[in-house]
């Protein structure tokens with residue numbers, strides 16, 4: 001499995017490696033990048049993680065609010081800060097969180113399942129300078 005970096009969300013005690021591609025196998029182990037470039041490039045970096053409803057992986061991202069901090073570390077250890085600005089749900093087949101973004105910004109999109117209604121929970125954040 002190829003390593004992409006690390007995600008850290010202090011508010012909800014998340015600190016996981018990120019795999020550089022998404023498959024059933026990798027998604028069982030840790031969150032995975034499934035769209036976008038590295039954090040140093042403009043675009044929409046999308047990371048998916050299972051919702052295990054027991055504080056593992058992305059089960060608590062629905063508690064994030066505007067202004068919360070998310071950190072991404074690349075494979076060289078460089079730290080990138082993202083500030084949450086939006087949270088919402090979409091239907092399972094809705095790809096708009098991945099495809100709709102300002103191409104001149106550095107956006108982070110976290111996606112997990114809502115195990116109650118089968119929707120996807122989406123958290124959007126913009127990169128800020130450290």
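The values are calculated or read from the model by the stated rules, or taken from the named source; none is laboratory data. The structure presented is a predicted model; accordingly, all values stated were derived computationally and were not measured. Virtual Cβ from ideal backbone geometry, glycine too; neighbours counted across all protein chains shown.
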(message) With in a loop (DSSP other than H, G, I, E, B), at pLDDT below 95 and under 24 Å from residue 2 (Cβ atoms) as the only criterion, which of 38, 59 stands out?
(response) 38
(message) Quick check on residue 71: is it surrounded by fewer than 20 Cβ atoms within 10 Å (Cβ to Cβ), at pLDDT below 95 and either under 24 Å from residue 130 (Cα atoms) or under 11 Å from the mean Cα position of the chain (by Cα) (or both)?
(response) no
(request) Pairs only if they're at least six apart or on different chains, beta carbon under 7 angstrom, first in the stretch 21-36 and within 15 Å of residue 74 (Cα to Cα), second part of a helix (DSSP H, G or I); list them, first residue then second. (result) 32/26
(message) Looking at residue 47 and the list (1) in contact with a strand residue (DSSP E or B) (Cβ under 6 Å, 6 or more places away or on another chain); (2) modelled with pLDDT of 95 or more; (3) surrounded by fewer than 21 Cβ atoms within 10 Å (Cβ to Cβ); (4) closer than 23 Å to residue 114 by Cβ, which single condition is not satisfied?
(response) (3)
(message) Can you find a residue that is part of a strand (DSSP E or B) and closer than 27 Å to residue 116 by Cβ anywhere in the stretch 20-31?
(response) no
(request) Those residues that are assigned to a loop (DSSP other than H, G, I, E, B) and either surrounded by 14 or more Cβ atoms within 10 Å (Cβ to Cβ) or touching a helix residue (DSSP H, G or I) at 6+ places or on another chain (Cβ under 8 Å) (or both), I need them from the stretch 81-119; list them, please. (result) 101, 114, 119
(message) Any residue that is in contact with a helix residue (DSSP H, G or I) (Cβ under 7 Å, 6 or more places away or on another chain) and closer than 17 Å to residue 17 by Cβ - is there at least one of those in the stretch 63-75?
(response) no
